[in-house]
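The structure appears right after this line, and notes come after that.
The values are calculated or read from the model by the stated rules, or taken from the named source; none is laboratory data. Since the structure is predicted, the reported quantities are computational estimates derived from the model, not experimental observations. Here the Cβ positions follow ideal geometry from the backbone for every residue, glycine too, while neighbour counts run over all protein chains shown.
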Amino acid sequence: MSPMGPAPAGSPQVRSLNCPGCGASLTVRSFGNAVTIICESCHSVLDAQDPKLKILQQFHAATIEDRPLIPLGSRGSIRGVLYEAIGFQRRTIQVEGVSYSWHEYVLFNPVKGFRYLTEYDGHWNDISILRALPDLSAGGATLKYLGETYRHFQTADAATAFVLGEFPWQVRVGEITRVSDFISPPRVISSESSGKEVTWSIGEYLSCRDVWKAFKLQGDPPAPIGIYENQPSPMSSNVKSVWTMAGVFLILLLSLAVGVYWMESDEQVFEQMFEFNSSAGGEASFVTPVFQLKGRTSDVELTTNAGVDNDWIYLNYALINQDTGHAYDFGREVSYYHGYDSDGSWSEGKTSNSVTIPSVPPGNYYLRVEPESDSNRGLIRYVVTVKRDVPQASFFGIALLALLVPAGLITWRSLNFEHLRWAESDYGGMPGDGSLLGMVENIADSMKSSGDGE
Amino acid sequence: MIRSFFLVYGLFVLAAVSFAEYRGWSLSRVNEVPNVPRSVRDNPGSYRSVYSSYHHYTGGK
């Protein structure tokens, strides 16, 4: 056996027959395995098992010729086995008055037998017949095969619209079968029922470039249009790994926060109570005693707690380095109002206010404070507290968002892919009851499908 | 591609937070005034805050 598996003979082995309808030469590639042969000249469907090639059907007047993307007689390696394309058909379904057609290619290997490729809008599937029956659920919404659950996607009546080459069954143009697809991307299991006979097949999504490469076809393959029923989501494998990484990063962020809160000194370097008499008039500004800011360049948090009650006080602050004359100038208002009206009790503001001054170098500092309030408000007491090297929770909050938002966007894109996939189904949207649990199930399915497709 | 990007991005986010905390960055912004004269300690009224023209809230509901 060659590395390519059992192969057709080196040069195509064909048997020449003549069409009883038009006399044209017929090429038979499947060594008597064909049940029907279609004459390419007059489009007669012939009984290949009848020595006289009985004409079963003539459809040339009723169909439009369709050219196969993989020419019949082409050979290509599918999963390591060399196959020859021997048959081609177009099948059509009608959904809400709109026709949708796909193409099926019959592939043949003298040892391995038949295999099929399907193509719809540039999406390809590698199809083989199931050897064991899948386990269909009671309602028919899901089926299980080899431990994997497949969800019902679509059921429709498919009509054979055009045929060419050889087929291992009695093909007819106009023949209608009921086709049901169950998906677990990148795989699809299809049942085709015609009368009492049901055929089950399993397909796996193939990229168009892989098909082109396998059959060494010229040019570029037609680009896939839209999202196909069992097309693996390119985003969902990213969803899993991105959330895994996001989880690791969040643990690291939490560890970092614990470390920062443990390591940063959060040292109180100054605290003093002051009084402001707005009725007194005159120059209100004053300076505090000098205090030392130690360590590396770091932040300084200044908190004002004022005894305001339906009142306000505004404080112009300047944190001035005694040695360099460099000042950090800012103002803070502390106001607190409360009362009772027809809506009930209300309150606005609060009696404390904090501000963080970023990146203050070490040194000897003092505060210049200039309080303001309405005149004749009387005495307002306030306490000024200065702390050095205070952890900033806001950065951890921003980092949390920065990690969660991209992961959320990737998840949303993945869900959108699934939404577009299921929009083409019988359900017109993603299956489930719209609950959070249903959504989580869909994401999990999506992740699984992509993991399989990798 | 996205996984590699997210790995680098996540490491960048963690590094940025660490650096911001180490350098004492803050989301607050204050005006910096260079070369304030030493005489301010003796005469605080000689310094004019840039916020002194701030229109104060005097409200309540």
Residue A:182 out of contact with any strand residue (DSSP E or B) (no Cβ under 8 Å at 6 or more places or on another chain) and buried (at least 20 other Cβ atoms within 10 Å of the Cβ): no
Meets criteria (more than 8 Å from chain B (Cβ to nearest Cβ) and either under 24 Å from residue B:44 (Cβ atoms) or surrounded by fewer than 14 Cβ atoms within 10 Å (Cβ to Cβ) (or both)) for residue A:376: yes
Within segment A:249-285, track down each residue that is farther than 26 Å from residue B:46 by Cα, among the hydroxyl-bearing types (Ser, Thr, Tyr) and modelled with pLDDT of 90 or more. A:255, A:261
Among (1) β-branched (Val, Ile, Thr); (2) within 19 Å of residue A:117 (Cα to Cα); (3) touching a residue at least 40 places away in the same chain (Cβ under 8 Å), the one test that residue A:155 misses: (2)
Residue A:328 passes all but one of the listed conditions (1) in contact (Cβ under 8 Å) with a residue 12 or more places away in the chain; (2) facing chain B (nearest Cβ under 10 Å); (3) surrounded by fewer than 20 Cβ atoms within 10 Å (Cβ to Cβ); (4) in a strand (DSSP E or B); the exception is number (3)
For segment A:272-303, enumerate the residues that are closer than 19 Å to residue B:25 by Cα and charged (D, E, K, R). A:294, A:296, A:299, A:301
Mind checking whether some residue in segment A:359-369 is within 11 Å of another protein chain (Cβ to nearest Cβ), without any contact (Cβ under 8 Å) to a residue 24 or more places away in the chain, surrounded by fewer than 18 Cβ atoms within 10 Å (Cβ to Cβ) and of a type in the set (S, T, N, Q)? no
Within the bounds of segment A:342-356, is there any residue that is more than 7 Å from chain B (Cβ to nearest Cβ), surrounded by fewer than 18 Cβ atoms within 10 Å (Cβ to Cβ), within 23 Å of residue B:22 (Cα to Cα) and in contact with a Ser or Thr (Cβ under 9 Å, 6 or more places away or on another chain)? yes
Working only within segment A:249-293, note down all residues that are part of a helix (DSSP H, G or I) and either touching a Pro at 6+ places or on another chain (Cβ under 9 Å) or exposed (fewer than 13 other Cβ atoms within 10 Å of the Cβ) (or both). A:251, A:254, A:255, A:257, A:258, A:260, A:261, A:262, A:263
Consider residue A:426 carefully, then state whether it is touching a strand residue (DSSP E or B) at 6+ places or on another chain (Cβ under 9 Å), touching a residue at least 12 places away in the same chain (Cβ under 8 Å), loosely packed, with under 14 Cβ neighbours inside 10 Å and more than 9 Å from every other protein chain (Cβ to nearest Cβ). no
